[in-house]
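The values are calculated or read from the model by the stated rules, or taken from the named source; none is laboratory data. The structure displayed is predicted, hence computed values, not measured ones. So basically every Cβ, Gly included, is an ideal-geometry build from the backbone, and we count neighbours across all protein chains shown.
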């Protein structure tokens, strides 16, 4: 029963997530809140029982829809792309729920992060248009924060945002305040920014990423050689996770 009391109200988490993530996407010149806005959605996912998680996915979908409209400054001409991407992200959370039911919770939220990155890689490969929103776009105006992405790729910023939210969740929402995770959160959010200011290189831009995957033209050379290796690797690992979950689920039913 004590564990149940520690669970947070999913509707309160929904409101907090929507407010923070929307604010982060609206404040493009200083998008600090994007490093906080996903943690409550992670809490909805991780605190829900497997039986009722499916009922909470629509909360996540609505939160993402509102936030993406905020990114487009509530221009409803982008409704189609916003709704399609929101459905894709809901499927990411649904896939995570399925994987957790088959493999258990020992991997934590790592599969969710991998699935999100895999979705971005699929969008990059098959629908790289200006209407597509990548999580890394949230910090697109803060090029001074991203000089380290030359060899890691543009979408490494998506991983950065997801990881900071994960450690924030572990440090505040999973089992109360836990100082070690908060320290890691502060290091993960500030470390890349501080390191970036020590570099002189120009970061990989969204335009360079799109050019590489549509015309095979991009710079610098190191990026052209490696491409978006982080989400590409996440996509392959995601396939293995889902296959393992499918196999174990079928073995369990037998």
Worksheet item: If we scan the range 175-195, do we find a residue that is at pLDDT below 90, surrounded by fewer than 19 Cβ atoms within 10 Å (Cβ to Cβ) and under 23 Å from residue 111 (Cβ atoms)?
Response: yes
Discussion item. Taking the condition of being under 14 Å from the mean Cα position of the chain (by Cα) and assigned to a loop (DSSP other than H, G, I, E, B), how many residues in the range 116-148 meet it?
Written reply: 2
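Given the residues 105, 156, which is the only one that is at pLDDT below 95 and touching a helix residue (DSSP H, G or I) at 6+ places or on another chain (Cβ under 9 Å)?
105
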Worksheet, complete the sentence: Residue pairs within 7 Å by beta carbon, gap of at least six or interchain, first lying in the range 121-137 and in contact (Cβ under 8 Å) with a residue 12 or more places away in the chain and on the phi < 0 side of the Ramachandran plot, second in a loop (DSSP other than H, G, I, E, B) and crowded, with 22+ Cβ neighbours inside 10 Å, listed first then second, are 121/228; 124/228; 134/155; 136/154; 136/155
Worksheet entry | Long-range neighbours under 6 Å by Cβ, at least six apart or interchain, first residue assigned to a loop (DSSP other than H, G, I, E, B) within the range 88-113, second crowded, with 16+ Cβ neighbours inside 10 Å | 109/42; 109/166
Worksheet entry | So residue 79, is it out of contact with any helix residue (DSSP H, G or I) (no Cβ under 6 Å at 6 or more places or on another chain), modelled with pLDDT of 95 or more and surrounded by fewer than 22 Cβ atoms within 10 Å (Cβ to Cβ) | no
Worksheet item: Right, residue 151: under 15 Å from the mean Cα position of the chain (by Cα) and either on the phi < 0 side of the Ramachandran plot or free of Cβ contacts under 8 Å to residues at least 12 places away in the same chain (or both) or not?
Response: no
